[in-house]
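*Asks:* Below: one structure in structure tokens.
The values are calculated or read from the model by the stated rules, or taken from the named source; none is laboratory data. In this text the structure is predicted, and so the values were computed from the model without any measurement. When we count neighbours, we look across all protein chains shown, and the Cβ atoms used for this are built from the backbone with ideal geometry, even at glycine. Just so you know, the surface numbers come from the protein's heavy atoms only, side chains and all, with ligands and any DNA or RNA stripped out. Shrake-Rupley method; radii C 1.70, N 1.55, O 1.52, S 1.80 Å.
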Amino acid sequence: MMYDQSRAQQPPDKQPGSSGRRTPGPEPLIPSDERDKLTQRLQHALNTFADSPREALEEAETAFDEVTAQLMSTLAERRRLLHATWQDQDPGTEPEELRHALRQYREITQRMLRM
């Protein structure tokens, strides 16, 4: 097998002949604007800890509680929508439609397990 210099110089995630475009990933569990706000609040708590540790901890706890509440709300809504896609189907539903629902359950569950 010969050494392929052009292939060796490509980034690891780029396959030869690919256009370099990434396929869109799953929808984020928390919208980016909310995620940014909560990240800033947490960073503020970390930055102010030396001057006011109790207030910093209270701010960090509040940010944690808001993230948890948003995740629970988002996951409950996704579950409700996903459940509706297959539960109300007639018994003759095509296996491919059911397979799609199963893939969505798998994707969300695996994302939670990686947290």
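*Asks:* May I ask you to evaluate 6.51 cos²θ - 1.76 cosθ + 1.60, the Karplus curve with θ = phi - 60°, for each residue of segment 88-97 and list the ³J(HN,Hα) values in order in whole Hz, giving x for glycine and proline?
*Replies:* Once rounded to whole Hz, the list reads 8, 6, 6, x, x, 4, 4, x, 5, 5.
*Asks:* When ligands, DNA and RNA are left out and all protein chains stay put, how many square angstrom of accessible area per residue does segment 66-105 have with a 1.4 Å probe?
*Replies:* Dividing the accessible area of segment 66-105 by its residue count gives 76 Å².
*Asks:* Can you check what the net charge comes to around residue 65, using other residues whose Cβ is under 13 Å from the Cβ of residue 65 (Lys, Arg +1; Asp, Glu -1)?
*Replies:* Here the charged neighbours net out to -3.
*Asks:* Let me ask something else. With the dipole of segment 34-115 worked out from charges on the C-beta (+1 for Lys and Arg, -1 for Asp and Glu) around the Cα centre, which of 82, 47, 64 lies farthest toward the positive end?
*Replies:* 82
*Asks:* Apply the Karplus parameterisation 6.51 cos²θ - 1.76 cosθ + 1.60, with θ equal to phi minus 60°, to every residue of segment 47-53 and state each ³J(HN,Hα) to the nearest whole Hz, in sequence, with x for glycine and proline.
*Replies:* Per residue, the Karplus-derived 3J(HN,Hα) values read 6, 9, 4, 4, 7, 8, x Hz.
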